[in-house]
Each structure stands twice: as structure tokens, then as C-alpha cells.
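All remarks here apply to the structure that follows.
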Amino acid sequence: MSLRRRMESDLDRDIRDHIERETQDNIERGMPPEEARSAALRKFGNILRVKEDTHAVWRWVWAERMLQDTRHGLRGLRRNPVFAAVVILTLALGIGLNTAVFSAVNAVLMAPLSYPHPERLVWLANYNKQFKVELVETTDFVDWRAQSQSFDKMVAYDYSDHTLAHGSDAGRATVAEVSGDFWPVTGVKPAHGRLFAHGDEDVIVLSHSLFQRRFGADPGIIGKTVTLDGHPVTVAGVLPESFRFLLPTPERANIQPKEIEAYAPAGITPANTVRCRSRGIVDVVARLKPGVAIERARGELEAIQDRIARQNPCISYTHVQLRVLPLQEKLVGNARQALLILMGAVAFVLLIACANIAGLLLARAATRRREVAIRAAVGAGQARMVAQFLCEGMVLALAGGAAGLLFARGAIALLLRLEPRAIPRLEGTAMDGRVLAFTLLLSVASALLFGLGPAIALARANLHEELKEGRMKPANAFRLRPQAFLVAAELAIALVLTMGAGLMVKSLWRMNAHPAGFRPESILVMKVSLSGPAYRSVPKQVAYFQEALSRVSRTPGVVAAGTVFSPVRGVVELEDAPLLPPGQMPHAVFYSTSSGYFRALGIRLLAGRWMTDNEPSAVVVVNESFVRQNLSGANPLGKRLRVPGPGTGTPPLAEIVGVVSDVKYSKLDAEPSPEIYFPDFQSFFHGANDVVVLASGDPLSVAPSVRRAIWDIDRSQPIFDWQTLEHALSNSIAPRRFNLMLLGSFAGSALLLALIGIYGAMSYAVTQRTHEIGIRMALGARRGDVVRMVVRQGMTVALSGILAGSAAALGLTRLMATLLYD
């Protein structure tokens, strides 16, 4: 016999012996045997209650009771499958959405970088207050690396698209130029060949995807020569398939996050970095030495820059701010606040789901009052009944959590398919152990949230009256008050989320508000980058693009075509303008364009004239933001300014001949910046241009003809990144669209759950008042009077929720400021 059965047998024997002794004593006092036993039983009390109290001091009682309550809860759910299905599906929606968003939060904010010692990796940059961008000059990087004592490794990098050719096969590849410390910092080992080191030149390391796609995964490519922008380089090695480039995207040129396909040496040495001369721009990541605090590293770099400024009168750091940040914080950027807001929003959805379930349980509890009264009569205490109802709620919550995991898995897959690069590191979203633990914790918390109120309400009710009545009492206002409160809370929360989604929709609408004449859906853009010995001279490059525009313009379906060089941000030097400190000088974005660019893009002329392709002297056209910000609205026509030129000499002066409208060409959520356009034949920028084509119909339908017309000039020069301008602009606001998609989904779910909750609560309230309604109609109330009474009751609850939600939504705009535009 087991220990538990032996103890149960001993308990029964002790109770029996006690009652028999008391019965014998009563008989000896002169009582008849039947009366003596009844008196003994009355004196002993409730046998079942005594057993329960005795069980409470045994160590396994909590487990035994939990198993009993679980079995009882499962039996109850089997008897009410519709109720169970509604509760589990409601929980699956709430818990599943929370799990999906937490998976993203876990991947972006919590999971460490997959590089050695990620906690010691820091981002180094000089924030230029004038251009509002982080820039590090190669000379600063060389000095930091040589003079600092706080870092054991320091990496400079940059990346851009290049023409990679092997034999007759030429195409574009995104190549990162990195300094030698990149490999120790990332901890990667080559899958084939070797990695380049300090001092290596004319070598390249391939990513695994490029190795497979362009070279057929042939290890024989190691040691072979390929050309990079017409320059021969040797393939040194291939990286493993699991390696990912996780460093931040360069901000200075509006570069979109891309998969890095190859790596080349940055070639930064003290010999090719000279102070006070033209310098390159890089991004910098460093690894702190063990035990070195980030504050100490920041102070050391500030001291180095102070020393540089004292030794070089031509250098000033007054207009820059040194930034030393943990690398993970830099990677996350503005996504942290957005994700936390979304996490709060999806928590509201779960709160509404729990409120709905609590309302259902309160309604169900009304049908169980007699059952609870009987259990109390046979000895069940309040704590025991509360525990049982909580256990039943836990069964429902765990079932809902399991269904929520399936829902979250599908939501994550959909999320990664729609917007994989909307947020840094989002592509690493997965359901790991931390996510599963979060789901379990959320399920338990949900069970307590929706189960505790109904359980306490039942346990504290006057069940003795229920047992005497033998039926349920009609509902009164006090009994319906919890349901009314829950419905009002649901409406308030749903209104807050809906208003938040509405604000983001309004932001998106304002971002997509285009000026007259600008039709991005009809504009095709593609990139052409010239490389190789045939295009090293500027005249050859100019001739190529002139011939390309001539052929494209004759293509059927093309209305206008032009070219533009990637924008260059710089300081504006106006003739006869007072000399200002470096941090206060006006700035603008310079574009080198053909004359057809303005017509192709739909830019309107506001004053002056258009520039042509055969201007006899240097001229420029400026936009209205330039006039407003740099000239305080004064008439710009006839004024002269300096435009960028090759070399280190004084740039030439160019006359402003026209003013054009502002157009968002690269980023929808960026305010128009001051812009200056000058003719491409007067520019030294020609090697890589965007070709812009305005089509009479669908631009994608003319794309093959346009690409063929350009490619026929020279098939060794690839044409890439062809897309509609509408698509390119849409990609520029992918993070905002991602936030809107999630918040809109949460708001829709919350509103749907709130409507279901209102319907359920009102239906229950009317059912409970059937007896009252019958009496009212018997006394002469008309159908309309009854309907008005019910509607008035429902509208009172609804208006309370709407007022509370409106008050809460007033503070929402300030909280969401970083997610909104204009």
C-alpha cells in the first residue's frame, strides 16, 4: 500500500474511532444508541471539512487539488464546447499578437549581436550639426586608431554598389570596403581560401550567396582574377553561409540597407590621409578593451581631437559633436521607442480580450451560483472555491496560449515576408526559449486577470439565499456594474488604439501628398554606373549618357528622359556674402542633371528660366527651400554661388537663373532641403547616374525597351535597380509603413473585440432583465419604451468609454511624436 493510501486509511480510522468513543460516552450517560451517535456526529462536525483541513497540512495537497480542479475544469469545458472555443480563440488572438511583437522586440532590442564580445562594441562618429549627419573623416579614424588606448580593435568601413565582372559576365554587387580589424571584430573564419589582412591590396572576399549565384559555388574561383569597376582584383576567399554583416547602414547618402555581397580592403593608411586636404568619409566601429568604460573612451577621443585642433589651425571641431554609443543602441536607433509603443498597444489588445473573457465568465458564473452554494454547504471554503475557478481559468489560458503560439508563428512569417528590412535586425525574429517563456508568463497573467474577478464575485456572494431560493435572482444594477465597467474600459482602450492608427494614416497621407505635376507612379528610374578603361575620361562619360538619353527619348511610350548624379551635400558659398563660422554656413544638396530631368520628374518652374544642355557659362537652378532657408526669401535670380568642382582649387562661380518647386525625390518622410541643380556637362560627376524616364502609361511596360536601348550602347555596362519612383519612395518609409501596419492591425482587433464585448454584455443584461421587462409590458409599457430603456443603458456605458478613451488619447500624440510626420 502506498504512503498516501495508508495515511488516508489512518485518517478514516481515527475519525471513526473518535466518533465511536464519543457515542459510547453518550450511551453511558443514558442516551439511546441512535441519539448517542447523532449527538457524537454533531459534536464532531462536518467530516468532509475535517478531512479537507487535515489534507491541507500534507505536503502534496496543492498538487492533488490542482489535478482535481484541472480535471473538473476540463469536464466543464467539454460540456460547454462553444464557450470554450470562444474563450480560447479570443485568447489566441490577444496572446498571439503579443507573442509576435515580443519576438520582434526580442530580436531587435534584447538578443546580443552574433559577434564576439558584443557588449564591448561601440559606434564612433562625429555628428555634423550643420548637415545633421554623422561623418568620420579618414584622417580622424587614423588618429583615433593610432593614439587611443581604450580600444583593442577599430574598424573603418563603407559600402556601395560596384560593377563586378568575370569573363563576359558583368553585374552589380554591393561591396563593403573594410579595414583589416573587421575580421577579428566579427570573429568570422573563411569557408574557402583566406581573408585579407592589413596592407593587402587588389583582393576581394565573396559572400556565400554571391559565391553560389555568380560563380556556381566553384571553389576554383579562389585565386582567380575578376574585375571590380574595371580594376583587376584577386578572389582571396569565401565567407560561410551563416555570416551576416550587422554593422549600421551609412546615413550620409540615404543608402538603403542591403545584403553585402563582397568585401574589399579599405586601403586607409597614414600615407594616404593628409590633414587639411580632401579626405574620405567612413563609418567606424571599435571594440573596447576589457574593463574599459565607454565614458573613459569618449573622454580620450575628445582629448585626441582637442590636440589635433591645436596642432592643425585648418581643423575645427566646433561644428561637430563626438558620439560614442554602444553598437546595439546605434543599430536599434528610433526603432526602440516605436517597438515599445507597439508593445504597449498590443498589450491593450490583450487587456480587451481579458475583459471580454471576464465578462463571459461573469455571465457564466450566474448560472453556477447554485452549484457553488451546494459546494459551500458541504464544506468548501471561499479560498478553495477561488482556487478552483482560477485553475479553470488557467486551463483556458494555457489552451489559448498554445493556440496563440500557432497564431504568432504565422504572424511572424507574414511580417518577415512583407517588411523584412523595415527595422534593423528584424530578419532575426524567431520563437526561441525567451519567447516561449514570455508566452507562458503571459498566459498565467491572463488567467489571473480574467479569472480572479469572477471567482471572487462568486465566492463572496450570498449563496445561502441562492440555496433557499432554488433559482437565480433577477439581475440588479449592482450585479450588472462589473460588466458595464469592463465594456467601458474596452471601448476606451479601443478608441485610444484607433486614434493612434488614425494619426499614422494621416501622417502617411501627408507624406504621399505630391505637388501638381509630380506623378511618381508614371516615372521609371534606373541606375547606370560606368567602369573600365573606356570610360575613365569625362568626355567619354558625357558622350555615353548623351547617346543613352537620345535613344531613350526615341523609345515608344517615353514622354521625357533625363539623368541625375547621386546628390552631394555641401556648403554654399554665395558671392559677396559675409564669412560665417563653419557651423553656421548655409548648405544645400547639389545635383548634376541633364535639362530633360526637370520635365521627366515633373518639377515646375516658379521663377526665371530653365537651364539648357549648352549653356555658354556656369549657371544653376535652385529650389524654393533654398530661397527660403538660405536667402530669407529674397529674389535669387542673378545672384552667384560656387558649385563643387574637381581638385582642391577654388570652385567656379555660377549664376542662379531659375527657381523650381520642391520635390521629394529620395525620402517621403524627409522635409525638403535646399537644393542646387547645375548642368551635367559642367560637372565632374558622371560615372554613376540615375536615368529618369516619364512614361505615357505604365512605366514598367516600357522598362524592357528602355533598358535594351541603353544596353545596346555597351553591353559590358550593367543597368540595375530599375523600378518606379513610386516604389522607391514607398521603400523609403518602410519603417513607418511597418508601424502603421501593426498599429492598424492592433486597433482593428481591439475594435472588433470591443464590439463583441458590448454585444455580449448587452445581450446578457437584457436576458437577466427578462422578468422585469415582462412586468413593465404587463403594466402598459410599449415595445418602443423597452427598446429606448435598453439603448439608453448601452449608450451610457458606451459614452463613458468614449469619454475616457478621448481623454487618454489626448496624451497619445506626444508619446507617438517620433512615429508621426508633420
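Net charge dipole, the chain: roughly 2740 debye, given to the nearest 20, about the Cα centre with Cβ charges of +1 for Lys and Arg and -1 for Asp and Glu. At a probe radius of 1.4 angstrom, the accessible area of the stretch 623-755 per residue rounds to 41 square angstrom. Distance between the pseudo-spin-label points of TRP610 and ARG792 (7 Å out from Cα toward the beta carbon): 7.1 nm. For TRP722, the amide hydrogen comes within under 5 Å of the amide hydrogens of LYS527, counting only partners 5 or more places away or on other chains and with H modelled in the peptide plane.
Of the solvent-accessible surface of the stretch 100-151, computed with a 1.4 Å probe over protein heavy atoms with every protein chain present, carbon and sulfur atoms account for 55 percent. Per residue, the stretch 292-366 exposes an accessible area of 43 Å² to a 1.4 Å probe, with every protein chain left in place.
Given a 1.4 angstrom probe, I'd like the percentage of the accessible area of the stretch 607-721 that is carbon and sulfur, rounded to a whole number. Reported share for carbon and sulfur atoms: 50 percent.
Proximity of backbone amide H atoms, modeled 1.01 Å from N, is registered between ALA125 and ARG323 at under 5 Å, excluding neighbours fewer than 5 places apart on the same chain. Given R0 = 45 Å, the distance between the Cβ atoms of LYS506 and ARG599 translates into a calculated FRET efficiency of 0.90.
Cross-link partners of LYS506 among aspartates and glutamates, defined as those whose alpha carbon lies under 14 angstrom from its own and excluding same-chain residues fewer than eight positions apart: ASP669, ASP822. Solvent-accessible area per residue in the stretch 161-259 equals 45 Å², computed with a 1.4 angstrom probe and all protein chains kept. Name the aspartates and glutamates eligible as straight-distance cross-link partners of LYS224: C-alpha to C-alpha under 17 Å, and not fewer than 8 places from it in the same chain. Filter leaves ASP169, ASP200, GLU201, ASP202.
Of the residues HIS727, LEU803, LEU742, the one whose Cα sits farthest toward the positive end of the charge dipole of the stretch 702-822, with +1 on the Cβ of Lys and Arg and -1 on the Cβ of Asp and Glu, is LEU803. Between LYS129 and LEU815, the distance separating the two model label sites (each 7 Å from Cα on the Cα→Cβ line) works out to 3.4 nm. Estimated from helices alone, the mean residue ellipticity of the chain at 222 nm is -16500 deg cm²/dmol (sum of -39500 (n - 2.57) over DSSP H runs with n ≥ 4, per residue). As a rough guide to protection, the peptides 781-793, 726-738, 492-504 ranked by mean Cβ packing within 10 Å, highest first, stand as 492-504, 726-738, 781-793.
Straight-line cross-link reach from LYS132 at under 17 Å between alpha-carbon atoms covers these lysines, not counting any fewer than eight positions away in the same chain: LYS330, LYS667.
Once a ≥ b ≥ c are taken as the square roots of the eigenvalues of the Cα gyration tensor of the stretch 586-726, is the result rounded (a/c under 1.5), prolate (a/b larger than b/c) or oblate (a/b not larger than b/c)? In terms of gyration-tensor shape, prolate. Positive-end ranking of SER566, ILE676, PRO420 along the dipole of the chain, with charges on Cβ about the Cα centre, is headed by PRO420.
The values are calculated or read from the model by the stated rules, or taken from the named source; none is laboratory data. Quick caveat: nothing in here was measured; it's all calculated off a predicted structure. Quick reminder, even Gly has a Cβ in these numbers, built from the backbone with ideal geometry, and neighbours come from all protein chains shown. With ligands, DNA and RNA removed, areas are computed over all heavy atoms of the protein, side chains included. Shrake-Rupley method; radii C 1.70, N 1.55, O 1.52, S 1.80 Å.
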